[in-house]
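The values are calculated or read from the model by the stated rules, or taken from the named source; none is laboratory data. Quick caveat: nothing in here was measured; it's all calculated off a predicted structure. Virtual Cβ from ideal backbone geometry, glycine too; neighbours counted across all protein chains shown.
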Amino acid sequence: MIHVFVGPTLPRSEPQLAASDVRVWPPARHGDLFHPAIRSGDTVVLIDGVYHQAPALRHKEILAAMGQGIRVIGAASIGALRAAELAPYGMLGVGHIYTAYVRRDIDGDDEVAVGQAPDGAFGSLTWPLVNLRHVLDLAVSTGVLDDDRAGRLLSALRAVYYPQRTWAAVRAVCRSRGESTFADWLADRREQDRHFGDLKRADALAAVTLALAGTNATTSGAAAPPPEWETAYFRRWSNAAVRERIDGLVLSTEDRLVYQQVFDPAFPARWAAYLEHLSQHTADGGPGLPLSARLARAGGGGLPADRVFHLRPDLRDEQTVALLLAGETAEDRHAVARYADALAWARRSRPGFCTAAVRDEVARDLLLGVWRCDEGEFDAEASARGLTRAASAVEAAKRFVPGFWEETKRMETARGGR
């Protein structure tokens, strides 16, 4: 399957995007490459992405995809920029814009940035600087401009903030600089060919063509992503992105795990079994050890394993999820869905609300009540459940506070009405 992330650069009506093995996605944003539909052996063509109105696609997400056997091609817009940055690790760049970034002819993000329509159509409202560079070069080659005039005009156009660089703004800048002849020439060319000078479009079509051809000869010899980049921060991003459809519900796997950690009285035993499994089945294929032996080597000093080995599970791994959610019930999953809905409602109805706004003492009281422990046992109980310590448990539980207290109030009201 070929996954094309595109928006302003190419319309969805483009014939090449209608191929049976092509799936078209909106402009890429942080977390999109973790989608379960994108699998080993697939190809991702990264063309457009968001970065102003939402978190941008991060480099390590691309490295993670390539590390899982997904071929990633970049061109035209953020795809060209990311490909120039990640070419040493195996990302394939295509087109003139990618080459310009590699050669350092251009280096700014604003070279490819455009204002996008806010209605979900992802249409381009402005001109990217790379296209303006290209039409200025064409004007020089045809004698409409000379090099000096083109250079001055480019400087003036670059000074216009990218979301304001509309066709009307381009014409206004040209006329204010005494270059009405060039503006009229460009308008005439655009009237004859609405794609005139659209370098981003040409590069994007080249990338899709390459993906459809299925050849990977140009990637031979590319370096594999080194394992060291997979940090705790990356694991946090990737875990937050994992979703699964189950029982007719689309649920965050991380929410499902935290629900078990918070509400399942048997979870400490499950976490201990998970640590034992990891000790005897190492991720790097090295020799396994019983957890007790590994704990002795680590000099645990009589501490339980959960107080020595603090791990953030990889929720992209199916076996990990199966082990940690072995005690989950259908009722649990429906509770997770209700709590997620309550959190979403709180965000919609209270501008600026986020989980960080939930007071620590409220989440702490929830945990102490559910775990039936006192303050002196709080850290140990959190650690036994894989939440490391009390403070981390409090932060994790905040996502459930709006739903939990709403259900608690309803139950109290129902009891009072009897």
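Observations
- Within the stretch 235-254, the only residue that satisfies the criterion of being exposed (fewer than 13 other Cβ atoms within 10 Å of the Cβ) and under 15 Å from residue 314 (Cβ atoms) is 236.
- Residue list for the stretch 48-68, filter: of a type in the set (Gly, Ala, Ser) and in contact (Cβ under 8 Å) with a residue 60 or more places away in the chain: 64, 67
- Verdict on residue 207 being of a type outside the set (Ser, Thr, Tyr), more than 20 Å from residue 143 (Cα to Cα), part of a helix (DSSP H, G or I) and not assigned by TED's automatic domain parsing to the domain that holds residue 42: no
- Enumeration of residues in the stretch 1-16 that are touching a strand residue (DSSP E or B) at 6+ places or on another chain (Cβ under 9 Å) and without any contact (Cβ under 8 Å) to a residue 60 or more places away in the chain: 1, 3, 12
- Condition check for residue 398: farther than 30 Å from residue 64 by Cβ and either modelled with pLDDT under 95 or under 29 Å from the mean Cα position of the chain (by Cα) (or both): no
- Within the stretch 27-58, the residues that satisfy the criterion of being touching a helix residue (DSSP H, G or I) at 6+ places or on another chain (Cβ under 8 Å), of a type in the set (A, V, I, L, M) and not in a strand (DSSP E or B) are 33, 38, 47, 56, 57.
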